[in-house]
Amino acid sequence: MEKSSSVTEIKGVGEKTCSLLAKLNIHTTGDLLAAYPRDYETYGEFVEIARLSPGSVCAVHAAVSGIPNEKRTGKLHILNVKIADSSGILQLTFYNMPFLKKTLKRGGFYIFRGMVQSRGTARIMEQPKIFSMEEYQNLTGRLIPRYSLTKGLTDHAMQKYMRQALSLCEFEPEYYNRELLEKNQLISEREAVETIHFPDDYDSMIKARKRLVFDEFFTFLFLMRKNKEFSEQLENHYRMPETADAARFLERLPFPLTGAQEKVWMEIKEDLNSPYCMNRLIQGDVGSGKTIVAVLALLTAAANGYQGALMAPTEVLAVQHYETIQGYIQKYGLIFRPVLLVGSMSAKEKKEVYGKIASGEANLVIGTHALIQERVQYSHLALVVTDEQHRFGVRQREHLAEKGNAPHILVMSATPIPRTLAIILYGDLHISVIDELPAERLPIRNCVVNTSWRPNAYKFIIGEVDKGRQVYVICPQVEGDPESESGLSLENVVDYTEKLKGTLPPRIRIAYLHGKMRPADKNRIMEEFAAQTLDVLVSTTVIEVGINVPNATVMMVENAERFGLAQLHQLRGRVGRGEHQSYCIFVSGDEKEDTMERLKILNKSNDGFFIASEDLKLRGPGDLFGIRQSGEFSFRMGDIYTDAPVLKLASDAVEKLLREDPELAKQENAALREHLSAAAANSVDFRSI
């Protein structure tokens, strides 16, 4: 069976299952095999009740010590059972499982496994799974894969389909030469894919993961390094000497540039007037003032008679940039003649904008991916600025650059990546860092708490909303997973929104946002929040990029332990953008000391680069699956923090190959040439450049 074969060729996958898999972007057997486990279920030794730790999944061997107590709340049937071992007593709570009243006999010994939670000083386990001793012993010591699911699919079903796909699917020949495999201690691709889904033990899973992560990094780095747009110094066709316009704008601004902004602006001015084309990345925390520096560059282009383009990842952010620049024009008399170009505009509106761009009447074009459509013809595009640049693929930036004759490229990122990694990831881009916040910015106040603190958080949220402020609540999942066979309990956007509507006063307007929604619905919700017609927005990390709401003053992150520190810092950057004091509440479902200490690093600093460096130091093998992938790159499995050593190995391997066989002409690299050609043809969208 080819990897391109439809999943319907797998036994048991009919029309209904096919549509469920399609929701997960799984259409072929190759897609299925690349749907790697999100983590693994491990069945460890029993834990005494007295030693149970809130926030962890544990198994206890205990006897039913009392008669089960049942009650009803509306349609919900609740069964409470007390169990005991020699060390103490634990309460179990089961929902809509009335039959257990007859099953769980007083004095009977069972194994109960589930998430331990705290209720004051008491410990409880909700909806634990029940095992016989024989059943549990058969699972002990194994790593059982758990997948990202949708309602109607179970882990058990995914495991069954995966075993079939592995037995039937043909893999391409090994594409790395023997020297590369041996030097980097890599197993074969086939062995890696088989093992990642069904590892014999932890060590074999680590080896499989290393190979798959290496593949992702190697492919990304090779394609990036080979791209002439990034690997050559191009002649500057648009020399831009400094004009009085930028200086006048700076004089009239109500605040001076910070020292870091001044330094970066000097670097950009030198680039624009140098013999070579600018290819620069500006890294800086949210609120560090990257946009003002970009506006100065675009103003210099306009003053020299050229066009500039500013591309944003969402329509809402594009509109906000457009309105900000219109405000500058009115207030400071800037020479911009801007147009806005976004996908939701009518055909008539787009046609009018196309005409202004082609004629040169518009000297600044602000928009989304609509800027790179074939129908957009520029008059003399000399400078391209991409905001939140990791959201654009290599090809998307190429398309925009091709609209001009090798225009200057300026990319902006709020992702604080340690310099050692940034140099690898961004190739030959020159890197500028704005590592200083403007003096008027109020530092965000942070707190790290456990789930018992939620009632206090809700009171605080009500207080902020009553002052006219707005609130973000972040959950790690889109929707609940009733089919899941694990004991893990993660907050999800859909259910949490309903819970908040039942907990907060009716006057508080609440909505949710997640990546699976239709683009039009996402835009509508973001616009409503930006327009202050919503008070609380419950969201996944989709809001990492996309809206600037200075009125939002509270960020509450549920299951904060499931995110990397760098990503939590990115999320917290959504607040603290206005004149009011802002707050960030990190709620951890895991109360282990090392977890809480890790999160408390966010209490110590609002410096993204410090936090990213700490994240790099703290990530270890135990975090491979437990912590959510960092959001700045779209690698399927690789994480630039956890996998920094593998990233360096892949970088060294790419550099060696490009020195010795840049065109992959040697026979030993023929299979690799074919593999990389296929990856390039499939528009691999590594979003970093």
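The values are calculated or read from the model by the stated rules, or taken from the named source; none is laboratory data. It should be emphasised that the depicted structure is a prediction, and the values quoted were computed from it without experimental measurement. Cβ: placed from backbone, ideal geometry, glycine included. Neighbour counts: every protein chain shown. Quick note on the areas: whole protein, heavy atoms, side chains included, nothing else; ligands and nucleic acids left out. Shrake-Rupley method; radii C 1.70, N 1.55, O 1.52, S 1.80 Å.
Hey, if you put +1 on the Cβ of every Lys and Arg and -1 on every Asp and Glu Cβ in segment 244-379, which of Ala309, Ile268, Leu257 ends up farthest toward the positive end of that dipole?
Of the candidates, Ala309 comes out farthest on the positive side.
With label points built 7 Å along Cα→Cβ from the Cα atoms of Arg178 and Ala50, find their separation and express it in nm.
Those two pseudo-labels are separated by 6.1 nm.
Once label points are set 7 Å from the Cα along Cα→Cβ at both Gln377 and Met517, what is their separation, rounded to one decimal in nm?
So the label points at Gln377 and Met517 sit 3.9 nm apart.
I want the antiparallel fraction of DSSP beta bridges within the chain, as a percent rounded to 5.
40
Under 5 Å between amide hydrogens, which residues at least 5 positions from Asp39 or on another chain qualify, with H placed 1.01 Å from N in the peptide plane?
HN-HN under 5 Å from Asp39: Arg146.
If you take the beta carbon distance between Ser167 and Ser605 as r and set R0 to 51 Å, what does 1/(1 + (r/R0)^6) give as a FRET efficiency, to the nearest 0.05?
On the way: r = 51 Å, r/R0 = 0.99.
Using R0 = 51 Å, I get an efficiency of 0.50.
Could you check the spin-label model distance between Thr93 and Gln185? Points 7 Å from the Cα along Cα→Cβ, value in nm.
That separation, rounded to one decimal, is 4.7 nm.
Hey, with R₀ at 25 Å, roughly what FRET efficiency would Ile78 and Asp495 work out to, going by the Cβ-Cβ distance, to 0.05?
Working from the Cβ atoms, E equals 0.90.
Heavy-atom accessible area per residue, segment 487-567, 1.4 Å probe: how many Å²?
36
Which one of Gly343, Ala406, Leu52 has its Cα pushed farthest toward the positive end of the charge dipole of the chain, where Lys and Arg give +1 and Asp and Glu give -1 at the Cβ?
Working it through, the farthest residue towards the positive pole turns out to be Leu52.
Counting only protein chains, not ligands or nucleic acids, how are Met224, Met266 ordered by accessible area (probe 1.4 Å), most first?
Descending accessible area places them as Met266, Met224.
Which of the listed residues, Gln377, Gly74, Tyr332, is farthest toward the dipole's positive end in the chain, when Lys, Arg count +1 and Asp, Glu count -1 at the beta-carbon?
Gly74
At a 1.4 Å probe radius, which order do Val493, Val57 fall into by accessible area, largest first?
Val57, Val493
Full-extension gain between Lys263 and Ala63, please, as 0.36 nm times their residue separation minus the C-alpha to C-alpha distance.
Taking Lys263 through Ala63 to full extension adds about 65.1 nm, to one decimal.
For the chain, with only Lys/Arg (+1) and Asp/Glu (-1) charged at the beta-carbon, what is the dipole magnitude about the Cα centre, in debye rounded to 20?
In total the dipole reaches around 2220 debye.
Compute the angle between helix 155-168 and the longest alpha-carbon principal axis of the chain, please, reported from 0 to 90 degrees and rounded to the nearest 10.
70
How far is helix 347-359 tilted off the main Cα axis of the chain, in degrees rounded to 10, range 0 to 90?
40
Extension gain Glu593-Glu15, at 0.36 nm per residue separation less the Cα-Cα distance, in nm?
203.3 nm
Accessible area per residue, 1.4 Å probe, Å², for segment 59-144: what's the number?
Per residue, segment 59-144 has 56 Å² of solvent-accessible surface.
Where the convex hull is taken over the Cα atoms of segment 243-316, what is its projected area averaged over directions, in nm²? Please list the in-between numbers first.
Numbers: hull surface 23.7 nm².
Seen from a random direction, the Cα hull of segment 243-316 projects 5.9 nm² on average.
Per residue of segment 57-69, in order, report the coupling 6.51 cos²θ - 1.76 cosθ + 1.60 (Karplus, θ = phi - 60°) as ³J(HN,Hα) in whole Hz, putting x for Gly and Pro.
Per residue, the Karplus-derived 3J(HN,Hα) values read 8, 9, 10, 10, 10, 8, 9, 5, 9, x, 6, x, 10 Hz.
Rounded to the nearest 0.05, what FRET efficiency is calculated for Ala439 and Arg248 with R0 set to 25 Å and r the Cβ-Cβ distance? Working shown, then result.
Details: r = 23 Å, r/R0 = 0.91.
The computed FRET efficiency comes out at 0.65.
Could you report the accessible area of Leu425 in Å², rounded to 10, computed with a 1.4 Å probe on the protein chains as they sit in the structure?
Accessible area of Leu425: about 0 Å².
State the dimensionless ratio Rg/Rh of the chain (Rg: radius of gyration of Cα atoms; Rh: Kirkwood radius).
0.99
With all protein chains present, calculate the accessible area of Arg239 using a 1.4 Å probe and round the result to the nearest 10 Å².
Surface open to solvent at Arg239 totals about 110 Å².
Give me the distance between the Cα centres of segment 1-36 and segment 278-296, rounded to whole Å.
Cα centroid of segment 1-36 versus Cα centroid of segment 278-296: 43 Å apart.
Taking all protein chains together and a probe of 1.4 Å, list Asp85, Asp652, Asp607, Asp387 from the most accessible to the least accessible.
Asp652, Asp607, Asp85, Asp387
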